[in-house]
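Chemist: Below you will find the structure I want to go over with you.
The values are calculated or read from the model by the stated rules, or taken from the named source; none is laboratory data. Fair warning: this is a prediction, and the values are worked out from it, not measured in the lab. Every residue, glycine as well, gets a Cβ built from its backbone with ideal geometry; the counts of neighbours run over all protein chains shown.
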Amino acid sequence: MENDARFKKAEFVAKVGIAGNLLLAVLKYIVGVSANSRALVADAVNSASDVAGSLVVFVGLRAAKQPPDEEHPYGHGKAESIAAIIVAVLLVLVGFEIGKSSFEAFFEPIEAPKTFAIYAVIASIIVKEGMFRYTYKLGKKLNSDALIVTAYDHRSDVYSSLAALIGIGFAISGEFFQIGWLVYADPVAGIFVSLFILKMAFQLGKESIYNTLDQVLQEEETVDFRKIVEEVEDVKKIDVLHARVHGHYVIVDLKISVDPHMTVEEGHKVGKEVKKRLMEQKNIQNVFVHINPYNPDSSVDFNII
């Protein structure tokens, strides 16, 4: 039930992102074309790519909430990280396209944008900053890579809109004060937008790829897990404890030593109790326990048992 509530919240955020980005993309494109602003059109293309990104996140969340099955015994949590990688790739493509379009403007006749372009940019900044804060807060709360990447995508739009605002402002000022070269501040802003998007895409993509490669928590991050296991009666020693990250949850692979003179059934009961206590932690999805015979003088490598 708790897991269902998590996904409902995450999917709602994804839907808000789709609707918000679609509205902003249409608004900025219409105003950008009408006001003759390349920076604003570039910003509109960026928002349009965010619609596709939000759709990918939505599909990823739907896949991630599927329960474990025979082919995916560890669950489908990594679907969120894969969705985050796809969003990062989309950002790279958009960044290159915006940069190319803005650069080509230097070799064409160009005019300063109309003043009303500024209002559309300011509206975009306000809306996107609100979307960032809401999505980031919920992404952290739900431990969702996909939502956190989406949140930073919103924040990248804030900065890209700020760059567009500066470029449009300088271009309009150049026309007003008859400083001809300032009219190129608009496409320059478009280039800065593209560079920022590419930087953001690289950072987010790198982190998401790392999370898909069976990353395990560092030893200091598993201290609480170890304490729980050590408190179970008849656990003589923790031989191996690997807590693997699968999207928003953790899978624990555990090897413990018990009295070698225990019966198989008694050792099994110890393993069940260990699993029960670990599963009480809200971020642990499943626990796999292997029982070893305890021998303080043994040099056996339990990693291969």
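Chemist: Go through (1) over 20 Å from residue 72 (Cβ atoms); (2) acidic (Asp, Glu); (3) within 32 Å of the chain's Cα centre (by Cα) for residue 239 and report which single condition fails.
Modeler: (3)
Chemist: In contact with a Lys or Arg (Cβ under 8 Å, 6 or more places away or on another chain) and either surrounded by 14 or more Cβ atoms within 10 Å (Cβ to Cβ) or in a helix (DSSP H, G or I) (or both): is that true of residue 224 in this structure? Walk me through it before giving the result.
Modeler: Values: in contact with a Lys or Arg (Cβ under 8 Å, 6 or more places away or on another chain): no; either surrounded by 14 or more Cβ atoms within 10 Å (Cβ to Cβ) or in a helix (DSSP H, G or I) (or both): yes.
So residue 224 does not fit the description; no.
Chemist: Going through the stretch 4-62 one residue at a time, which ones are in contact (Cβ under 8 Å) with a residue 60 or more places away in the chain and over 30 Å from residue 185 (Cβ atoms)?
Modeler: Answer for the stretch 4-62, where residues must be in contact (Cβ under 8 Å) with a residue 60 or more places away in the chain and over 30 Å from residue 185 (Cβ atoms): 4, 6, 9, 10, 13, 14, 16, 17, 54, 57, 60, 61.
Chemist: Kindly indicate the residue of the stretch 144-159 that is out of contact with any Phe, Trp or Tyr (no Cβ under 7 Å at 6 or more places or on another chain) and aliphatic (A, V, I, L, M) and also nearest to residue 9 (Cα to Cα) among those meeting that condition.
Modeler: Within the stretch 144-159, the first condition is being out of contact with any Phe, Trp or Tyr (no Cβ under 7 Å at 6 or more places or on another chain), and the residues that meet it are 144-147, 149-150, 152-153, 157.
Narrowing further to those that are aliphatic (A, V, I, L, M): 146-147, 149.
Working: 146: 13, 147: 11, 149: 16 Å.
If we take residues in the stretch 144-159 being out of contact with any Phe, Trp or Tyr (no Cβ under 7 Å at 6 or more places or on another chain) and aliphatic (A, V, I, L, M), then 147 is nearest to residue 9 (Cα to Cα).
Chemist: Given the structure, is residue 60 touching a strand residue (DSSP E or B) at 6+ places or on another chain (Cβ under 7 Å) and more than 19 Å from residue 161 (Cβ to Cβ)? Walk me through how you get there before you give the answer.
Modeler: Numbers: touching a strand residue (DSSP E or B) at 6+ places or on another chain (Cβ under 7 Å): no; more than 19 Å from residue 161 (Cβ to Cβ): yes.
No, not satisfied.
Chemist: Looking at (1) in a helix (DSSP H, G or I); (2) touching a Leu at 6+ places or on another chain (Cβ under 8 Å); (3) modelled with pLDDT of 85 or more; (4) over 29 Å from residue 66 (Cα atoms), can you tell me which one residue 238 breaks?
Modeler: (1)
Chemist: Restricting attention to the stretch 196-205, does a residue exist that is of a type in the set (D, E, K, R) and either under 20 Å from residue 143 (Cβ atoms) or over 26 Å from the mean Cα position of the chain (by Cα) (or both)? Show your work before the answer.
Modeler: If we filter the stretch 196-205 for residues that are of a type in the set (D, E, K, R), which is where we start, we get 199.
In the following step, the residues that additionally are either under 20 Å from residue 143 (Cβ atoms) or over 26 Å from the mean Cα position of the chain (by Cα) (or both) were identified as none.
Taking every residue of the stretch 196-205 in turn, none turns out to be of a type in the set (D, E, K, R) and either under 20 Å from residue 143 (Cβ atoms) or over 26 Å from the mean Cα position of the chain (by Cα) (or both).
Matching residues to (1) among the polar types (S, T, N, Q); (2) more than 30 Å from residue 245 (Cα to Cα); (3) touching a residue at least 60 places away in the same chain (Cβ under 8 Å); (4) assigned to a helix (DSSP H, G or I):
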residue	(1), (2), (3), (4)
114	no, yes, yes, no
120	no, yes, yes, yes
131	no, no, yes, yes
146	no, no, yes, yes
152	no, no, no, yes
156	yes, no, yes, yes
161	yes, yes, yes, yes
169	no, yes, no, yes
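Chemist: Please work out which residue is surrounded by the most Cβ atoms within 10 Å (Cβ to Cβ), limiting yourself to the stretch 208-221 and to residues that are without any contact (Cβ under 8 Å) to a residue 24 or more places away in the chain and either charged (D, E, K, R) or closer than 26 Å to residue 291 by Cβ (or both).
Modeler: Of the stretch 208-221, the ones without any contact (Cβ under 8 Å) to a residue 24 or more places away in the chain are 210, 213, 218-221.
Filter again for either charged (D, E, K, R) or closer than 26 Å to residue 291 by Cβ (or both), leaving 218-221.
Values: 218: 9, 219: 10, 220: 6, 221: 12.
For the stretch 208-221, the residue satisfying everything is 221.
Chemist: To continue, here is another question. Regarding residue 103, is this residue more than 28 Å from the chain's Cα centre (by Cα), farther than 15 Å from residue 44 by Cβ and at pLDDT 80 or above? Break it down stepwise before answering.
Modeler: Values: more than 28 Å from the chain's Cα centre (by Cα): yes; farther than 15 Å from residue 44 by Cβ: yes; at pLDDT 80 or above: yes.
It is true that residue 103 is more than 28 Å from the chain's Cα centre (by Cα), farther than 15 Å from residue 44 by Cβ and at pLDDT 80 or above.
Chemist: Return the residue satisfying two criteria in turn: it lies in the stretch 5-24 and is crowded, with 24+ Cβ neighbours inside 10 Å and not polar (S, T, N, Q), and of such residues it is modelled with the highest pLDDT. Reasoning before the result, please.
Modeler: As a first pass, look at the stretch 5-24 and keep what is crowded, with 24+ Cβ neighbours inside 10 Å: 10, 13-14, 17, 21, 24.
Subsequent filtering for residues that are not polar (S, T, N, Q) retains 10, 13-14, 17, 24.
Details: 10: 77, 13: 83, 14: 80, 17: 84, 24: 91.
Among those residues, the one meeting the criterion is 24.
Chemist: Could you grab me the full set of residues in the stretch 171-218 that are among the acidic types (Asp, Glu) and not in a helix (DSSP H, G or I)?
Modeler: Initial filter on the stretch 171-218 (among the acidic types (Asp, Glu)): 175, 186, 207, 214.
Result: 214, single match.
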